[in-house]
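A.B. asks: Sending over a structure as C-alpha cells; questions will come in a sec.
No value in this document is a laboratory result; all are computed from the given coordinates. Given the structure is predicted, the values throughout are model-derived calculations rather than measurements. Cβ: placed from backbone, ideal geometry, glycine included. Neighbour counts: every protein chain shown.
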Amino acid sequence: MKNKLFAKTILICLIMMGYSSIARSASMPPNIKEENVSYTIGGVSYKAYIAYDDNLKGKRPGVLVVPEWWGLNDYPKMRARKLAELGYVAMALDVFGDGKIAANPTEAQQLTAPFYKDPNLAKARLDQALKVLKALPQTDPVNVAAIGYCFGGSLVLNYAKLGADLKGVVSFHGGVSGGAPVDKNLLKAKVLVCQGASDKFVPQKDAETFKHKLDSIGVDNTLKVYPNATHAFTNSDATATGKKFNMPIEYNPEADKNSWDDMKMFFAKIFSK
C-alpha cells in the first residue's frame, strides 16, 4: 500500500513539472531559441515569433499564443518565451497581417472590429498558424493547445467552437460572448477560462453563462475567477496603459501568477493523455 501511494505521489509531481520539462537535466538551464517565420494567406504576409528550449531533445507539445488587440508586440513574445522555459514550443501570432501593431485603442478597435463581426474571419489565419506550428521538428503535432489574451482570448475560444484540432484552449481575460454558437459536434478542445472578478469589459456573469453553455453539452471546461482582478490583469503594462488611455484596466500580480499556474496545471492534464 505504501509503495503504491509513493508511486502515485511521484507521478503527480512529474505531471506538475510539465510534459517535457522533466527531460531537461536539473543542472542545465533552458537555452531558449527564438525564430521569426512568415507565411502567406490570400496574398497577405503573416509573421510569427517562435520560441523553444534547444536543450530539450525530442518532440514536445506546441502552444499557439494569440495576442491582445494591440497585435504582436513584446508582450505575447514574452509569453512565448515563458512557455518555452516550461518545455513547450510556443508560437506567437500576427493575427492582423503585415506585422500591424496598434498604437492606441482607436487603431486597435479598427483592427479587431472585423473579427467580431465575422466569427469565421480568424479561422483561416489560425488554421495556417497551427499548420506551421505542427510542422516544426520540435513539435509533437498531436499535442497542441492555444492561449489568448483579451481579444486573443476571445479568438481562441471561438476557434475551439469552430472545431479547432487542439487539445485545449486557455482564455486570459478574453471575451466570452458572441462568436460562433456552441456546438457539441464541433467543440472538441478542453477549455480553461481565466477571468477577473472586477473586469468591466467582460462581466463575471457572462463568463458563468458561457460555462453553463459548455456544461450543457458536456465540454470539459473550467472557469477560474480571480478576486480584485480587472481586464488585462496579466499584463504588467496594464496599469500605465489604463492611465494613459483612461481605461479600467490594471495589472494584478497575484492574479497573473495564479492564472499562469492554473494554465500549467491545465496543460499537465491535457498533455498527459
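A.B. asks: Among Asn104, Pro248, Val191, whose Cα lies farthest out toward the positive end of the dipole of the range 2-271, if unit charges sit on the beta carbon of Lys, Arg (+1) and Asp, Glu (-1)?
C.D. replies: The listed residue farthest towards the positive side: Val191.
A.B. asks: What are the residues whose amide H is under 5 Å from the amide H of Val144, where those residues sit 5 or more places off or on another chain and H is modelled from the backbone?
C.D. replies: Placed amide hydrogens put Gly62, Lys167 under 5 Å from Val144.
A.B. asks: Sticking with this one: How large is ³J(HN,Hα) for each residue in the range 28-40, as worked out from phi by the Karplus curve 6.51 cos²θ - 1.76 cosθ + 1.60 (θ = phi - 60°), to whole Hz, x for Gly and Pro?
C.D. replies: Per residue, the Karplus-derived 3J(HN,Hα) values read 10, x, x, 10, 7, 9, 10, 9, 10, 10, 10, 8, 10 Hz.
A.B. asks: All other residues with a Cβ under 15 Å from the Cβ of Thr139 taken together, and with Lys, Arg as +1 and Asp, Glu as -1, what is their net charge?
C.D. replies: Local charge sum for Thr139: +2.
A.B. asks: Also: Tell me, what ³J(HN,Hα) does each residue in the range 96-101 have, in order and in whole Hz, if you take phi through Karplus 6.51 cos²θ - 1.76 cosθ + 1.60 with θ = phi - 60° and put x for Gly and Pro?
C.D. replies: These are the phi-based 3J(HN,Hα) values: 7, x, 6, x, 4, 10 Hz.
A.B. asks: Could you work out which residue, out of Ala51, Ala103, Ala180, moves most in a Gaussian network model of the chain, that is, has the largest mean-square fluctuation with Cα springs under 10 Å?
C.D. replies: Ala103
A.B. asks: Related question: Using the Cα centre as the reference, give the magnitude of the dipole from point charges on the C-beta atoms of the range 194-273 (Lys, Arg: +1; Asp, Glu: -1; all else neutral), rounded to the nearest 20 debye.
C.D. replies: With only Lys, Arg, Asp and Glu charged at Cβ, the dipole is about 100 debye.
A.B. asks: Using Cα-Cα distances under 8 Å and only pairs 6 or more residues apart, what relative contact order does the chain have, in percent?
C.D. replies: Details: 568 pairs, mean separation 40.7, N = 273.
Computed value for the chain: 15 percent relative contact order.
A.B. asks: When you count, for each residue, the other Cβ atoms within 10 Å and take the mean per peptide, how do 110-119, 36-45 rank with the highest first?
C.D. replies: 110-119, 36-45
A.B. asks: Summing -39500 (n - 2.57) over the DSSP H runs of n ≥ 4 in the chain and dividing by its residue number, what mean residue ellipticity at 222 nm do you reach, to the nearest 500 deg cm²/dmol?
C.D. replies: After summing the helix terms and dividing by residue count, I get -12000 deg cm²/dmol.
A.B. asks: Related question: How high is the FRET efficiency between Asn104 and Lys200 when r is their beta carbon distance and R₀ equals 25 Å, given to the nearest 0.05?
C.D. replies: My answer for the efficiency is 0.85.
A.B. asks: To continue, here is another question. Structure shown: which of Lys123/Lys211; Lys57/Lys184; Lys100/Lys205; Lys131/Lys244 lie over 31 Å apart, alpha-carbon to alpha-carbon?
C.D. replies: Long pairs (Cα-Cα over 31 Å): Lys57/Lys184; Lys100/Lys205; Lys131/Lys244.
A.B. asks: Using +1 on the beta carbon of Lys and Arg, -1 on that of Asp and Glu, and nothing else charged, what's the dipole of the range 126-273 about the Cα centre, debye to 20?
C.D. replies: 240 debye
A.B. asks: Here's something else I'd like to know. What FRET efficiency would be calculated for the residue pair Ser272, Asp127, taking the C-beta separation as r and a Förster radius of 25 Å, to the nearest 0.05?
C.D. replies: Using R0 = 25 Å, I get an efficiency of 0.45.
A.B. asks: Further question: Which distance in nm do the two modelled labels at Met247 and Asp54 give, with both placed 7 Å along the Cα-to-Cβ direction?
C.D. replies: In this crude spin-label approximation the distance works out to 3.5 nm.
A.B. asks: Over the range 2-271, one equal point on each Cα, no solvent: what is log10 I(q)/I(0) by the Debye formula at q = 0.08, 0.10, 0.11 Å⁻¹?
C.D. replies: Normalising to I(0) and taking log10 leaves -0.31, -0.48, -0.59.
A.B. asks: Given the C-alpha centroids of the range 241-273 and the range 140-211, what is the distance between them in whole angstrom?
C.D. replies: Cα centres, the range 241-273 to the range 140-211: 14 Å.
A.B. asks: If the only charges are +1 at each Lys and Arg Cβ and -1 at each Asp and Glu Cβ, what is the size of the charge dipole of the chain around the Cα centre, to the nearest 20 debye?
C.D. replies: 900 debye
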